[in-house]
Amino acid sequence: MARRPTKAGGSIARGGVALGEAVFRSLCEALQAGSYRAGDRLREEEVAQRLKVSRTPVREAFGRLAARGFVEPAGGRGLIVRNLDISEVLELYAMREIMEGAAARLAAEHASAPEIDALRDIEQAFVEASETDAAEMAGEMARLNRAFHEAIGRAARNRYLDNASGELQDWIALLGPTTFTVSGRPSTSHGEHRAIIDAIAARDGGKAEHLARAHIREALRCRLKLLQKQ
């Protein structure tokens, strides 16, 4: 998300942000980008070396990750990224359905014409990515999908909803492979996105919310398919 400018792959920019906070943001971004997956081990020394910081801010960041439930103690030293159980997945998608529906409704009320055009541009890029090898481009489609939903969140003009949605995305990152690896999901998702954009452009908040919630329910159906294969 835009408020997480740091990267997990190299040194982090301080920019007036407390170092522990910068490390925490970097690790959250790495989770969201898929650099860390459920079951992966995190070690203070390795993270400190990669981000070119001391172990103290890394220890602080690890504590915050553990407090939020993203990681848990490993058998030996360090922490491992948590694997969500099925009940947590269902709870997560239930909340996501509510929040995405609310964001779409509010976006129908507040989105500017340039913001609606930007949604169409993101969706066109998604279509172009889906027309190539799906397995190869699944990660790019997932990135564009996040950009699509984040753009709706910004257009909703509600900072509290936007912050809560950002935290939810961190939890979604723990789920592993994107649902765009499920056969047929890219094409159905495109149709759902296009319908949501049209409802927002028509200023039909009720329809936008209904479509957004249905979109998330379909995403859950695909997620459960993936989980059955594990």
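The values are calculated or read from the model by the stated rules, or taken from the named source; none is laboratory data. Note that the structure is predicted; figures quoted are calculated from it, not measured. Glycine gets a Cβ as well: all are built from the backbone with ideal geometry, and neighbour counts include every protein chain shown. The accessibility values were calculated without ligands, DNA or RNA, using every heavy atom of the protein model including side chains. Shrake-Rupley method; radii C 1.70, N 1.55, O 1.52, S 1.80 Å.
Met95: open to solvent by 20 Å² or more (accessible area, probe 1.4 Å), closer than 25 Å to Cys28 by Cα, in contact with a Ser or Thr (Cβ under 8 Å, 6 or more places away or on another chain) and assigned to a helix (DSSP H, G or I), yes or no? So Met95 fails the test. Taken over segment 54-78, the criterion of being outside any strand (DSSP E or B), open to solvent by 30 Å² or more (accessible area, probe 1.4 Å) and modelled with pLDDT of 90 or more is satisfied by Ser54, Arg55, Thr56, Arg59, Glu60, Gly63, Arg64, Ala66, Ala67. If the condition is being of a type in the set (Asp, Glu), farther than 25 Å from Ser130 by Cα and either buried (at least 19 other Cβ atoms within 10 Å of the Cβ) or at pLDDT 90 or above (or both), then segment 143-185 contributes only Asp162. Of all residue pairs spaced 6 or more apart or on separate chains, those with beta-carbon atoms under 7 Å, a first member in segment 30-51 that is β-branched (Val, Ile, Thr) and a second member that is open to solvent by less than 30 Å² (accessible area, probe 1.4 Å) are Val47/Val58. Counting the residues of segment 79-92 that are in a loop (DSSP other than H, G, I, E, B), open to solvent by 30 Å² or more (accessible area, probe 1.4 Å) and in contact (Cβ under 8 Å) with a residue 24 or more places away in the chain gives 2. With respect to the conditions (1) over 23 Å from Ile98 (Cβ atoms); (2) crowded, with 18+ Cβ neighbours inside 10 Å, Ala113 falls short on a single one, namely (2). Taken over segment 186-230, the criterion of being part of a helix (DSSP H, G or I), over 21 Å from Ile98 (Cβ atoms) and at pLDDT 95 or above is satisfied by Thr188, His190, Gly191, Arg194, Asp198, Ala201.
Counting only residues that are in a helix (DSSP H, G or I) and of a type outside the set (Ser, Thr, Tyr), which one in segment 175-185 is farthest from the chain's Cα centre (by Cα)? Spell out the reasoning first.
Taking segment 175-185 as the starting set, the residues that turn out to be in a helix (DSSP H, G or I) are 175, 179-181, 185.
Going one step further and asking which of them are of a type outside the set (Ser, Thr, Tyr), we end up with 175, 180, 185.
On the way: Leu175: 10, Phe180: 14, Arg185: 17 Å.
Residue satisfying both the conditions and the ranking: Arg185.
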